[in-house]
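The values are calculated or read from the model by the stated rules, or taken from the named source; none is laboratory data. Predicted model, so just to flag it, every value in this text is computed and none were measured. We place every Cβ from the backbone using ideal geometry, glycine too, and count neighbours over all the protein chains shown.
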Amino acid sequence: MALGLVGATAAQAALTLTIGNSTASPGGNAQFDVTIAGLAADGPAGSIEFNILFNADVFDVTGTSCTIGSNVAAKVTPASNVTGTGVLYLASVVKSADDPLTGAQDGTLWACNFGVKANAPEGPQDLQANDIYVTDPLGLTQIATNGVNGVVTIQVAPADTATPDGDQHAAGADAHLHEDGEGDEHAEAHQYSVRG
């Protein structure tokens with residue numbers, strides 16, 4: 001597979017593959033989309049292949065962590081595999097060169113759901129678009145493509161702040177009133193004794 005385009009060559013490309021951003025908590029899930037844009041101008045395309053590079057100490061990722069987008073699913077044969085530590089390979093290859101990916105397929109290419117490990121530290125975690133390889137419908141010519149990285153921000157959920165229970169307050173008030181009532185009874189008994 002050819003290396004993804006970088007630098008000035010990539011900057012000149014109209015076709016753009018973007019990994020979305022997300023926020024997640026340790027032990028939760030980071031949900032984001034990988035989108036494609038510019039197929040109307042730089043397409044049509046026959047295959048879109050790339051890697052997502054991720055921190056394997058933070059994320060739990062398998063070959064089923066991403067599913068092909070509904071707007072391209074009917075046209076392509078998808079492939080998704082973890083090919084190494086922190087490397088998820090994703091590919092979508094058209095079933096027929098006569099039915100390529102066009103501007104109508106701009107949008108969500110993959111929908112991803114990465115597990116976040118329970119001991120993941122707070123802070124940003126990069127998801128890098130790497131080794132992007134997009135071809136024409138016949139697979140003969142590579143189409144220049146920009147790659148935009150994504151970021152997952154890990155945030156620890158704030159601890160619940162204990163709040164006084166309203167029933168306890170009510171019970172305390174009733175008890176106070178009850179004590180006051182007993183005081184009134186004592187006062188009445190004393191007044192009766194004096195009068196007697």
Could you check, for the range 98-121, whether at least one of its residues is free of Cβ contacts under 8 Å to residues at least 40 places away in the same chain, within 21 Å of the chain's Cα centre (by Cα) and under 30 Å from residue 156 (Cα atoms)?
no
Kindly indicate whether any position in the range 116-123 is touching a strand residue (DSSP E or B) at 6+ places or on another chain (Cβ under 8 Å), in a strand (DSSP E or B) and loosely packed, with under 13 Cβ neighbours inside 10 Å.
yes
In the list 93, 82, 134, which residue meets the criterion of being surrounded by 15 or more Cβ atoms within 10 Å (Cβ to Cβ), free of Cβ contacts under 8 Å to residues at least 40 places away in the same chain and part of a strand (DSSP E or B)?
82
Got a number for residues in the range 32-87 being of a type in the set (A, V, I, L, M) and more than 18 Å from residue 105 (Cα to Cα)?
7
Inspect the range 65-78 for any residue being surrounded by fewer than 16 Cβ atoms within 10 Å (Cβ to Cβ) and either among the charged types (D, E, K, R) or in a strand (DSSP E or B) (or both) and give the result as yes or no.
yes
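For every residue, the table says whether it meets (1) modelled with pLDDT of 95 or more; (2) touching a Leu at 6+ places or on another chain (Cβ under 7 Å); (3) farther than 19 Å from residue 66 by Cα; (4) of a type outside the set (A, V, I, L, M).
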| position | (1), (2), (3), (4) |
| --- | --- |
| 94 | yes, yes, no, no |
| 101 | yes, yes, yes, no |
| 106 | yes, yes, no, yes |
| 147 | yes, yes, no, yes |
| 152 | yes, yes, no, no |
Name the residues in the range 30-54 that are at pLDDT 95 or above and surrounded by fewer than 16 Cβ atoms within 10 Å (Cβ to Cβ), would you?
31
